[in-house]
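Some notes on the structure that comes next.
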Amino acid sequence: MSGLLDAANATTLNCIYFSSLVAGLLLALASLVLSGLGGAEGGAEVDLGGDGDGSGDLTIFSPVTIGAFLAVFGAVGLIAAVGFDIDARLSLLIAGLSAAVISLLVAALYSRLLIELHGSTNIAETEMVGLEGVVTTPVPANGLGEVHFDVQNERMSRPARSAEGVAIARGSLVVIEQVLGAGVVLVRQRLPASQGHPNSTP
């Protein structure tokens, strides 16, 4: 009976590993395709730099890095459990640690890629200040999103941070107030006139 239970538990764990691998690959692929390598929608960022200029932000909780975590967790778990017949608890530990380390590396590389893709232009910072743009990737209250705007007849995009420390939804109109380090722009949501002056008469 004990052997049957162990076999059943092992089969369940292997199914979890396989499901994690497939879900992670699909999530990461879909995020890259939909965002065009420009910042997955809905990603929440975690600031590990502490310098306030956005240059130390890692997209730890973006769909790309979550997908990487799930895929690595599933792949390493299957290799450990099936390929090397490692104990279930040990395989979980190995898979979890491997996924955590590799997803952190993916987060760092993805953040650097995001900044390089959006920060390679020679447009002067002063030309961006005061421009209106549209949020294309939601801006978390304390993280990075993405905004598109036009400057010198060129459509551009930049990683964006909320000037007011509040979340800004996709599609919102914003005004660029400042250009921070690493090409990150500080934006403030531009409310419709009816909302910005509630006491005004029609």
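The values are calculated or read from the model by the stated rules, or taken from the named source; none is laboratory data. None of these values were measured; they are calculated from a predicted model. Neighbour counts run over all protein chains shown; Cβ positions are idealised from the backbone, glycine included.
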Let me confirm something: among LEU105, LEU78, which residue is at pLDDT 85 or above and touching a Phe, Trp or Tyr at 6+ places or on another chain (Cβ under 7 Å)?
LEU78
With respect to ALA99, is the statement that it is assigned by TED's automatic domain parsing to the domain that holds ALA23, at pLDDT 75 or above and more than 20 Å from the chain's Cα centre (by Cα) true?
no
With the condition kept exactly as written, say whether any residue in the stretch 48-63 is out of contact with any strand residue (DSSP E or B) (no Cβ under 8 Å at 6 or more places or on another chain), surrounded by 19 or more Cβ atoms within 10 Å (Cβ to Cβ) and at pLDDT 85 or above.
no
Just checking, how many residues over the stretch 167-193 are at pLDDT 85 or above and farther than 14 Å from MET128 by Cα?
8
Which of the residues belonging to the stretch 144-169 are part of a loop (DSSP other than H, G, I, E, B) and under 16 Å from ARG188 (Cβ atoms)?
LEU144, ALA163, GLU164, GLY165, VAL166, ALA167, ALA169
